[in-house]
1. Which residues, counting only those in region 101-154, are under 18 Å from residue 279 (Cα atoms) and either without any contact (Cβ under 8 Å) to a residue 24 or more places away in the chain or in contact with a strand residue (DSSP E or B) (Cβ under 6 Å, 6 or more places away or on another chain) (or both)?
2. For region 174-257, give me every one of the helices (runs of 4 or more DSSP H) that falls completely inside it and has 1 or more residues that are within 20 Å of residue 159 (Cα to Cα).
3. Residues of region 97-122 being away from the ligand (no atom under 14 Å from the Cβ) and in a loop (DSSP other than H, G, I, E, B), which ones?
4. Could you grab me the full set of residues in region 126-161 that are among the aliphatic types (A, V, I, L, M), within 12 Å of the ligand (Cβ to nearest atom) and modelled with pLDDT of 95 or more?
5. Name the one entry in 24, 37, 43 that is surrounded by fewer than 24 Cβ atoms within 10 Å (Cβ to Cβ) and either hydrophobic (A, V, I, L, M, F, W, C) or in contact with a strand residue (DSSP E or B) (Cβ under 8 Å, 6 or more places away or on another chain) (or both).
6. Would you please name the residue that is farthest from residue 211 (Cα to Cα), looking only at residues in region 40-68 that are part of a loop (DSSP other than H, G, I, E, B), away from the ligand (no atom under 16 Å from the Cβ) and over 17 Å from the mean Cα position of the chain (by Cα)?
7. Exactly one condition in (1) farther than 23 Å from residue 209 by Cα; (2) within 15 Å of the ligand (Cβ to nearest atom); (3) assigned to a loop (DSSP other than H, G, I, E, B); (4) out of contact with any strand residue (DSSP E or B) (no Cβ under 8 Å at 6 or more places or on another chain) is not met by residue 90; state its number.
8. Return yes or no: is residue 99 at pLDDT below 95 and either touching a Pro at 6+ places or on another chain (Cβ under 7 Å) or of a type in the set (Lys, Arg) (or both)?
Amino acid sequence: KIKTGLAQMLKGGVIMDVVTAEQAIIAERAGACAVMALEKIPADMRASGNVCRMSDPKMIKEIMAAVSIPVMAKVRIGHTVEAQILEALEIDYIDESEVLTPADWSDHITKTDFKVPFVCGAKDLGEALRRIHEGAAMIRTKGEAGTGDVSEAVKHIKKIKSQIQYAINDLKTDAQLESFAKELRIPVSLLKQVIELKKLPVVNFAAGGVATPADAALLMQLGCDGVFVGSGIFKSKNPEKLAKAIVNATTNFEDPLKILEYSTDLGELMAGVSIESIKKNGN
Ligand code: PLP
């Protein structure tokens, strides 16, 4: 039984990357619904060029001890043993994350083998449903972590939405349903469930490049159930104020007057690196 309910509880919230107990406390005070404990935030991982693995359980434990909100931590794609270690640590959620270096290029973790709920990244409906079929309790867009450029996250949520709309509007016969399910490499029953619900059967968060209150609200307006913020907060000059502003903008995502207030006088934000410049430099 997949614990999708534990992920439903995070709906409407902001999950913040933290690398120390002090940052975790700031995140909790700012109203984060959970924190992601990791050694290096994605912007620094990206810059390092090293193999990125699960964080040391010692630092994860320190963060778990420092806050009362749920704690997530990342494992490499396909690294079943890193996940076993985090489950033994009694972590609240595991993120099987493309931000780390994949351990298996052909298979993801069989998440139905675990009791702890997993979140996984997706760029399109097929990826999202393959992860859900493997047992993911929650999906997030992959976006482009560590950049502060929101455009990939926007692309991914729009793609998932448009593919769901296509399935609802255009798949009329059993043969068409079978054929699309085959294309997505998922059971037809899962596709039928999406058509019936008109959305994914688990919560779907935005992630990868969210850096401002306006970014968070934009993704909420596009239909995301909540937001992950990685490098944006603690790479800015005033993390406490920005963290609170992003939480408030996520809650009040349909209120421009409030978002105006939350977006004002935040000080220097994460500089970021645009997707276009990454493409040009071939990274
Ligand atoms: N994303 C990353 C980062 C991967 O390493 C892999 C392969 O393991 C995939 C996606 C493949 O995902 P799928 O099975 O959905 O094609």
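The values are calculated or read from the model by the stated rules, or taken from the named source; none is laboratory data. Note that the structure is a prediction, hence the values are computed from the model and not measured. No Cβ is skipped: glycine too gets one built from the backbone with ideal geometry, and neighbour counts run over all protein chains shown.
1. Correct list: 142, 153.
2. Output list reads 174-184, 188-197, 213-221.
3. 114, 115, 116, 117
4. Taking region 126-161 and keeping what is among the aliphatic types (A, V, I, L, M), we get 128-129, 132, 136-139, 145, 150, 153-154, 157, 160.
When the remaining residues are screened for being within 12 Å of the ligand (Cβ to nearest atom), the result is 128-129, 132, 136, 139, 145.
Listed by number, the residues that qualify are 128, 129, 132, 136, 139.
5. Result: 43 is the single residue among 24, 37, 43 that is surrounded by fewer than 24 Cβ atoms within 10 Å (Cβ to Cβ) and either hydrophobic (A, V, I, L, M, F, W, C) or in contact with a strand residue (DSSP E or B) (Cβ under 8 Å, 6 or more places away or on another chain) (or both).
6. Start the filter on region 40-68 by keeping residues that are part of a loop (DSSP other than H, G, I, E, B), which leaves 40-41, 49-56, 67-68.
When the remaining residues are screened for being away from the ligand (no atom under 16 Å from the Cβ), the result is 40-41, 49-50, 55-56, 67-68.
This time we only want the ones that are over 17 Å from the mean Cα position of the chain (by Cα), so: 49-50, 55-56, 67-68.
Working: 49: 22, 50: 24, 55: 23, 56: 26, 67: 23, 68: 25 Å.
Step by step, filter region 40-68, then rank; the result is 56.
7. Evaluating residue 90 over (1) farther than 23 Å from residue 209 by Cα; (2) within 15 Å of the ligand (Cβ to nearest atom); (3) assigned to a loop (DSSP other than H, G, I, E, B); (4) out of contact with any strand residue (DSSP E or B) (no Cβ under 8 Å at 6 or more places or on another chain) leaves (2) as the failure.
8. Against the criterion (at pLDDT below 95 and either touching a Pro at 6+ places or on another chain (Cβ under 7 Å) or of a type in the set (Lys, Arg) (or both)), residue 99 qualifies.
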